[in-house]
1. Taking only the Cα atoms of the chain, how large is their convex hull per residue, in Å³?
2. Rounded to the nearest 10 Å², what accessible area does ILE781 have for a 1.4 Å probe in the complete protein model?
3. Residues with amide H under 5 Å of LEU505's amide H, sequence separation 5 or more or different chain, H placed in the peptide plane at 1.01 Å from N; which?
4. Kindly write out, for segment 82-87 in residue order, the coupling ³J(HN,Hα) from the Karplus curve 6.51 cos²θ - 1.76 cosθ + 1.60 (θ = phi - 60°), rounded to whole Hz, with x marking Gly and Pro.
5. Order the peptides 631-640, 572-581 from the highest to the lowest mean number of other Cβ atoms within 10 Å of their residues.
6. On a C-alpha basis, how far is the centre of segment 379-398 from the centre of segment 547-589 in Å? Whole number, if you could?
7. Ranked highest first by average number of other Cβ atoms within 10 Å, how do 438-451, 589-602 line up?
8. Along each of its three principal axes, how wide is the spread of alpha-carbon positions in segment 228-281, in whole angstrom units, largest first?
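The values are calculated or read from the model by the stated rules, or taken from the named source; none is laboratory data. Note that this is a predicted model, so its numbers are computed, not measured. A quick note on method: Cβ atoms are made from the backbone with ideal geometry, for glycine too, and the neighbour counts reach across all protein chains shown. The area values use the complete protein model at the heavy-atom level, side chains included, leaving out ligands, DNA and RNA. Shrake-Rupley method; radii C 1.70, N 1.55, O 1.52, S 1.80 Å.
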Amino acid sequence: MGMDDAIAARIRMITEAGDGLSGPDLLGFALDHAVTETGGLGGMVHLRGPGARSPLLTAVHGLIRPVARDWAEVEPAGASAPARAMARGISVWAPTLGAGDGTGPALPAGSGLLAVPLITEEGVTGAVSVLMVPAERPAPERWAAVEALAAWAAPRLREDPPDRDRDRDRDQGRDQGRDQGRDQGRDQGRGGTGTLLADDQVSQALWHMSDAFFAVDGDWRITFVNGEAERLLGAARTTLGRTLWDAFARLSVEEAEPGLQSRYRRAAESGTPVGFEVRWPTNQRWYSMRLVPVPNGLTVYAADITASRAREAERAAAEHAAAERTARIGELTNALAQALTMRDVVNAIADRVLPPFGASGMVVQLIEGDVIRIAGAVGYPQPFLESIDGASIHEVSPVSEVYQTGAPAFVESAEEYTARYPGMAGRPAAAEKQAWAFLPLIVSGRNIGCSVVAFAEPRRLDAEERALLTALSGLMGQAIERARLYDVEHTRAKELQRGLLPRALPSLSSVTTAARYLPASEGIDVGGDWYDVIPLSGARVALVIGDVMGHGLSEAATMGRLRTAVNTLAELEFPPAELLTRLNDVVSELGDNLYATCLYAVYDPVGATCVFSSAGHPPPAVVRPGHPVRFAGGAPDPPLGAAQPPFETTEVRLEEGSLLVLYTDGLVESAARDIDRGMRHLASALSSAARTPGPGDGRPDGDRGGHASLERLCDEVLAELLPEKQLTADDAALLIARTHALAPDHIASWPLSEGPIAAGEARDHVRDQLTRWELAPLTPIAELLVSELVANAIRHGRGPVELRLLRGEGLICEVTDGSLTTPRIRHASETDEGGRGLQLVSALSQRWGTRYTPTGKCIWTEQPLP
């Protein structure tokens, strides 16, 4: 299989960037780019360890923990793709059929696994596998890209770090020579006079040893020192015979290394060799001390290990840095997996990429058509971001260069930036940056933009840092693409939710209202909770809250249908119990497994009463000034879709300034809190409102009923019951209404006679009352309207007939009679003498309609006030 020129060039660039990697870094680098080049979901690497019976999982990318755990070990003779690839030494493609298909642990349905062997001179040492969707054989160029990366990585898996073998051999040779010299000296010393000076040849050999060597007798007097020991002890051969402790005191050894003298004494007393490492105070170099007791004395070998310790420290530091990089990549991978929005992704990258590299800012730029848009930024001045947002991709710029080539670009100083992009010489100063790494964001072979990591000072990134940033750019690209798609869906969901819920609550004289909707923390911010405030006739108002069980697009669509149904039924002036009965029929017709709760309340400001019915919904909280919070009504009826009408009706009296609080169960119930405890919590949150006087206590007219205070109360209740950082599994809605009774002097009613004189009586009452209300300009039309309503009641209804005038949002005229016959508009012909009364009523009034009363019906009209 072959690659096209673009992919081949990219593979060459990748392998060159990772040329200095080894071990876990090499595996992670190769695997990350294999997943990126194929557009895969994730990947893994299995290696045969020394003496291991089965290949073990060594590296993983993009797979959730349960899947990685299932693939921790591969059966060598199994049917899985990695096992077959290692057994045959060829690449294997295996589509996933599902759990229990015999091809290894379960993987997502509809996916496939491409396994490529890692082949060294010693044979097949492992396999790199990429999980892909759909379960279709990969394109030849993607297949070839994974094979090229595997062929590049495999030979490097067995390589030691540079100079490791040479250093090891040199150390072994030096140790061997030191041991031989030490043994010879010890043997010669034991065979003669008891002093190492007895044999000139041995003394000569010891004098030229590369390690320091000296000897002391039983009284701790120095009997021999070689050249290195003289430099170590600062003692010439003419000082032989002085005690070792005098040399130590002269060099202040004991002060720098407390306990060194006691170690020497213990070694001499034990009769067995002792070894330890010490930092010598005179030259601050490290020595490996070996104290060997001999007859009537002690010999000391001191090997300078400063260089080897430095190499070990460097090796340990490199291993620690590699472990930190691996951990950093793992942390970034986990953080990006949890990030949802573009802001989350940018913050995750900034928190885990900028500090390790000493960077001061980053900006994510995405390509939209021919325009470069800023998707997120950290550490950049806002004016600079505004100046570059919307730039053309055809301009000569580093972002355009990265987009065209698909390769990263590194700029080490502002001077280099100006030289490479002279048309943008002012950008470094405006951005307050001095060095940059421009990293391509490639997803499924598409270059979607550029991630810029910037530095406040000139900065040269070495090959390892560049390779790591290039590897991280693959993770960034996939996370940014996911976040971009999520943001699009999130925006659509918010628009849908705004369209389904009331855009603004109506401003009414009978109630002041405020509401909140809080979506669940999981999902796409759309659910089935809703609320509504519906003006009714007679200055009454309907307060509605409901909840379609579950949350998501389907529940939101159902909620929209139910809200529309409630508004339609409310227009027909059905009482609460009958409205829920009809709404229950609507829910039953929508599906067998659909359930919803609803509370429908009607507040009448004339009598300051509220009548409500509930279908499976939590009871409303009633807050009366100066009284404790209480929950009205008994146990609710079953939810819509499971209820058996009729529904119970509850009536409560709400004095001026009372609060009626409607809410959904998501506000008071959660996995950590049952609904009873949640309702007590809600009552506690509302208790401060109960101690607050009602409206009319000095508030300005523009805030009648304290609308601003209700808005604050909504926020306080949400903050108390659903703290900002607390995750919620259900949507929550809250509707608070402060009630206002209609003043007695704004209500007037009269019984009317039965017969034609009733119309005249009605006109007289209207004329007199409007004069008292200083609404004389409304009198002519009001008289005409009331004449038609009364004439209709006398002609088509039955007594008793009553007239009522209400001064609320408008002037309301109501005529009631004892008939249940609903009036309707007729289309009278040109020759008909009647039939035009209701047409006249419809033309002259702002609104009009009919509602049923316990004793008959009421026909009403409404005129706007001047």
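1. Numbers: hull volume 265.2 nm³, N = 866.
Convex hull of Cα atoms, per residue: 306 Å³.
2. 70
3. So LEU505 has HN proximity to no qualifying residue.
4. Per-residue couplings from phi come out as x, 5, 5, 5, 6, 6 Hz.
5. Working: 631-640: 17.4, 572-581: 20.8.
Averaged packing, sorted descending, gives the order 572-581, 631-640.
6. 50
7. Numbers: 438-451: 21.7, 589-602: 19.5.
Final packing ranking: 438-451, 589-602.
8. 30, 23, 18
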